[in-house]
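What follows is a short report on a single structure.
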Amino acid sequence: MGRATRGDLCQRRLSYHRAVPTIAEPPSPERPLQGGCLCGAVRYEITAPFLSAGYCHCTRCQRRTGTSSSLNGRVPQSGFRLLQGEERLKAWSPGEGGVPKLFCSECGSAVFSGDPLGDEEVAVRLGTLDGDPGIRPQYRMFVDPAASWSPPPEDGLTRYPGLRPA
């Protein structure tokens, strides 16, 4: 076998970048998807498809995560169940009409926004899932206050200068 030419390597790179990742089946009662915090004290289960998923670039999410954005998915309350750790969940409320952020008091993992046991929809940090959520990000919100050192990429997702309309 001969050595790969520059053209061969370029063709391999192009085909790699063109590959479309397979999206897993969405969660269902037959195929539940679990998730939890870093230390395992908080565990939950999703049994319904996610309604939406997107990035938030607001300053609060930047400071809460230590990154330039937060990736969240919304699932109907009827498809969510907290398996363990309710006593370990702590909330920080930003005031001024902001949504509470819930985290594990043991390891500090940001897990939910809002009230996962009372809200009509549960906002889940997608990074806390054990597997593929069966949905891909659809939007970017709060792109106007996005970090100047990490601007939102031009990736074709719908962009909102502030909060995404309901």
**OP:** Of the numbered conditions (1) of a type in the set (A, V, I, L, M); (2) part of a loop (DSSP other than H, G, I, E, B); (3) within 16 Å of the chain's Cα centre (by Cα), Val124 fails exactly one; give the number of that condition.
**Re:** (2)
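Output yes when any residue across the stretch 95-102 is within 15 Å of the chain's Cα centre (by Cα), of a type outside the set (Asp, Glu) and crowded, with 18+ Cβ neighbours inside 10 Å, and no when none is.
Initial filter on the stretch 95-102 (within 15 Å of the chain's Cα centre (by Cα)): 101-102.
If we keep only those that are of a type outside the set (Asp, Glu) too, we end up with 101-102.
So of that shortlist, the ones also crowded, with 18+ Cβ neighbours inside 10 Å come out as 101-102.
Yes.
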Subject >> Close pairs (6 angstrom Cβ cut-off, 6 or more residues apart or separate chains): touching a residue at least 40 places away in the same chain (Cβ under 8 Å) and within 24 Å of Ala48 (Cα to Cα) in the stretch 129-148, among the β-branched types (Val, Ile, Thr) and in a strand (DSSP E or B) anywhere >> reply: Tyr139/Thr158
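Can you say whether Glu86 is closer than 25 Å to Gly40 by Cα and surrounded by fewer than 18 Cβ atoms within 10 Å (Cβ to Cβ), as far as the supplied structure shows? Outline the logic, then answer.
Working: closer than 25 Å to Gly40 by Cα: yes; surrounded by fewer than 18 Cβ atoms within 10 Å (Cβ to Cβ): yes.
For Glu86, the condition - closer than 25 Å to Gly40 by Cα and surrounded by fewer than 18 Cβ atoms within 10 Å (Cβ to Cβ) - is met.
Computed from the coordinates by the stated procedures, all read-outs in this text should not be read as laboratory data. In this text, all values refer to a predicted model and were calculated from it rather than measured experimentally. In this analysis, Cβ positions are derived from the backbone assuming ideal geometry, glycine residues included, and neighbour counts consider all displayed protein chains.
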